[in-house]
Amino acid sequence: MLNIILIGPQGCGKGTQAQLILQKYGLIYIEAGAMIRQRALLHDKKSDILNHLVNQKGILLPDGIIMDMICDELDERVSMEGYLFDGFPRSVVQYQSLKEYLAEKQIKLNVGLYIHISDEEALKRLGGRRLCAVCKKGYSIFLEPQRTKCECGGELIKRIDDEPAAIKHRLEEFHNHTSPILQLMKSDDILKEINGEQSIEAIFLDIQKQLDTLK
Ligand SMILES: [Zn+2]
């Protein structure tokens, strides 16, 4: 079994690497963001609380609520191959609780993959994002410097969230909640740092090198 926590700031290419890892290793994907959005769609007491919290922008969900959901998810989706956690854990308490819960099931966390890029690089990449005002399709001015309009003909705009001040704020939050978890993973001897400032292929090669030694 291969159980991975995937960590990295926005713009590091984490989503792309997650898909590559899932394809190659056949793991179950526990993506906290999608899980929370889905759970919030059910109309019950829990989803009301969730919606309330999620809509208060930037707020992190309480550890108890998120752990409940993760545990339900792990109970429902049994895997022989293992799990890939993304967007979770976001606090030391969540990390410890996950470890304990997995230990009860005799499952071991094998690796914390940290895809690292500098804040300067993240600022540059996210600052180059554009969004179609009509169909919301995303573009990058680095990949397509000539493009001025969307395929659908809509204007390309920069979201307020992609202005430098907003990006810097998110990066700061990321470092604040992540660094204590990275410290713990280091002392648990499961932290592997991956250089995210390479091509998609090169990053994935580095990840495979790390994972293949664990299998
Ligand atoms: Zn469009």
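Rule-based calculations on the coordinates, nothing more; no lab input. These numbers were taken from a predicted model, which means no experiment stands behind them. Here Cβ is always computed from backbone atoms with ideal geometry, including for glycine, and neighbour counts include all displayed protein chains.
Please compute one quarter of the surface area of the Cα convex hull for the range 1-123 and express it in square nanometres.
Working: hull surface 32.5 nm².
About 8.1 nm², averaged over all directions.
Which length gain, in nm to one decimal place, applies between LEU53 and SER118 when the Cα-Cα distance is subtracted from 0.36 nm times their residue separation? All intermediate terms of the calculation are to be shown ahead of the outcome.
On the way: separation 65, 0.36 × 65 = 23.40 nm, distance 3.01 nm.
Full extension of this stretch gives 20.4 nm more.
What net charge is computed for the residues neighbouring ARG90, neighbours being all others with C-beta under 12 Å from the C-beta of ARG90, Lys and Arg scored +1, Asp and Glu -1? Write out the running numbers ahead of the final one.
Working: positive: none; negative: ASP63, ASP86, GLU173.
Net charge in that neighbourhood comes out at -3.
Want the number for GLN19 to VAL134: 0.36 nm per residue separation, take away the alpha-carbon distance, what's left?
Full extension of this stretch gives 38.7 nm more.
State, in angstrom, two size descriptors of the range 92-191 derived from its alpha carbons: Rg to one decimal place and Dmax to the nearest whole number.
Over the range 92-191's Cα set, Rg and Dmax evaluate to 19.1, 55 Å.
List the lysines whose alpha-carbon lies under 29 Å from that of LYS124, not counting same-chain residues fewer than 8 positions away?
LYS14, LYS57, LYS136, LYS137, LYS149, LYS158, LYS168, LYS186, LYS192, LYS209
Given springs between every Cα pair under 10 Å in a Gaussian network model of the chain, which of VAL93, VAL78, VAL111 has the largest fluctuation?
Greatest mean-square fluctuation among the candidates belongs to VAL78.
Would you mind checking the radius of gyration and Dmax of the chain based on alpha-carbon positions, in Å?
18.3, 55
For the residue pair GLN106 and GLU76, what label-to-label distance in nm results when each label sits 7 Å from Cα along the Cα-to-beta-carbon direction?
About 2.6 nm, to one decimal.
Using DSSP, restrict attention to beta bridges with both residues in the chain and report what percent are antiparallel, rounded to the nearest 5.
Values: 6 of 22 bridges.
Just about 25 percent of them are antiparallel.
Would you calculate the separation in nanometres between label points at LYS168 and LEU42, each defined as 7 Å from the Cα along the Cα-to-beta-carbon direction?
Output for this residue pair reads 4.2 nm.
Could you work out the relative contact order of the chain? I mean the mean sequence separation of Cα pairs under 8 Å and 6+ apart, divided by the number of residues, in percent. Write down the numbers at each step before the final one.
On the way: 263 pairs, mean separation 63.0, N = 215.
This gives 29 percent for the chain.
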